Each structure stands twice: as structure tokens, then as C-alpha cells.
1. Going through the stretch 59-82 one residue at a time, which ones are in a strand (DSSP E or B) and of a type outside the set (Ser, Thr, Tyr)?
2. Output the number of the condition that GLN1 fails; it satisfies all remaining conditions of (1) open to solvent by less than 50 Å² (accessible area, probe 1.4 Å); (2) farther than 21 Å from SER115 by Cα.
3. Kindly indicate the residue of the stretch 90-111 that is under 14 Å from SER7 (Cβ atoms) and under 11 Å from the mean Cα position of the chain (by Cα) and also surrounded by the most Cβ atoms within 10 Å (Cβ to Cβ) among those meeting that condition.
4. Scan the stretch 70-89 for residues that are out of contact with any Lys or Arg (no Cβ under 9 Å at 6 or more places or on another chain) and open to solvent by less than 60 Å² (accessible area, probe 1.4 Å) and jot them down.
5. Please state which one of PHE67, PHE29 is among the hydrophobic types (A, V, I, L, M, F, W, C), farther than 17 Å from VAL5 by Cβ and open to solvent by less than 60 Å² (accessible area, probe 1.4 Å).
6. Can you name the residue in the stretch 32-64 that is among the small types (Gly, Ala, Ser) and surrounded by 12 or more Cβ atoms within 10 Å (Cβ to Cβ) and is also farthest from SER115 (Cα to Cα) among such residues?
7. Scan the strands (runs of 3 or more DSSP E) fully inside the stretch 6-58 and keep the ones with 3 or more residues being farther than 17 Å from LEU85 by Cβ and under 15 Å from the mean Cα position of the chain (by Cα).
Amino acid sequence: QVQLVESGGGVVQPGESLRLSCAASVGLFSISSMAWYRQATGKQRELVARLINGGITNYADSVKGRFTISRDTAKNTIYLQMNSLKPEDTAVYYCNTFSITSGSSWGQGTQVTVSS
């Protein structure tokens, strides 16, 4: 299984930005897809953004135009740039990867709180 370590969460005010990072234990070239999910208290985990090897991205409607998923293959790291944050973005954010050899892997999560 791929080891994933997220970082970058924190407490911000509405309208501010955060960048989440997810460091992978393997080269990203071996991963078919990478994604960020989030889970707010009392709600189901939901897909926020996905990047498929080859560059195709898709986003939840609620974050389109505000969030951007990207990767740095030299650093084996996946990012989620979050701009114009809203209180409803408050959640634990999880990194997820899928590869044919390792299957699905999850990070431990990082808390993002948006509050005035």
C-alpha cells in the first residue's frame, strides 16, 4: 500500500486560502489517479477533486473555480490549493491514491476550519 501523509490544514477566516500537501511514499508515475476527499462532522465523505494520470481533472460543483488539484512528480507530492474558503468548506481533508499494484490508499487526514 502507498503511504500518504497530508499537511497544511489549519484555521482560516472566510475568503482566505490554504494549500494542502500530500506526500506519497512512491513515485507518482505509478499512480493511476489521485484525489482529495473531505468529511464534515456528521456527513459522509465526499470527493472534492481528482487528477487522473494524463492530466484530466474533475471537481465537486461546490469547489469549482476555487480549488485546484495538482502534483509535483519530482517531490512525489499532491496538492490542493483552496482559495476563497467558506465556512462550509470546514472538514477533515483526506488524500487518496489508486494504482493497479497497490489499490486504494488513504492518508490520515488534515483538519481545515473556516471560521470568523
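The values are calculated or read from the model by the stated rules, or taken from the named source; none is laboratory data. These numbers were taken from a predicted model, which means no experiment stands behind them. Ideal geometry is used to build each Cβ from the backbone, glycine not excepted, and the neighbour counts take in all protein chains shown. These accessible areas exclude ligands, DNA and RNA; they are computed on the full protein's heavy atoms, side chains included. Shrake-Rupley method; radii C 1.70, N 1.55, O 1.52, S 1.80 Å.
1. Matches in the stretch 59-82: PHE67, ILE69, ARG71, ASP72, ILE78, LEU80, GLN81, MET82.
2. In the conditions (1) open to solvent by less than 50 Å² (accessible area, probe 1.4 Å); (2) farther than 21 Å from SER115 by Cα, GLN1 misses (1) alone.
3. CYS95
4. Answer for the stretch 70-89, where residues must be out of contact with any Lys or Arg (no Cβ under 9 Å at 6 or more places or on another chain) and open to solvent by less than 60 Å² (accessible area, probe 1.4 Å): SER70, ASP72, ASN76.
5. Step by step, each of PHE67, PHE29 is checked, and only PHE67 is among the hydrophobic types (A, V, I, L, M, F, W, C), farther than 17 Å from VAL5 by Cβ and open to solvent by less than 60 Å² (accessible area, probe 1.4 Å).
6. As a first pass, look at the stretch 32-64 and keep what is among the small types (Gly, Ala, Ser): 32-33, 35, 40, 42, 49, 54-55, 60, 62.
In the following step, the residues that additionally are surrounded by 12 or more Cβ atoms within 10 Å (Cβ to Cβ) were identified as 32-33, 35, 40, 49, 60, 62.
On the way: SER32: 35, SER33: 32, ALA35: 25, ALA40: 14, ALA49: 22, ALA60: 21, SER62: 18 Å.
My answer is SER32.
7. Answer list for the stretch 6-58: 18-24, 33-39, 46-52.
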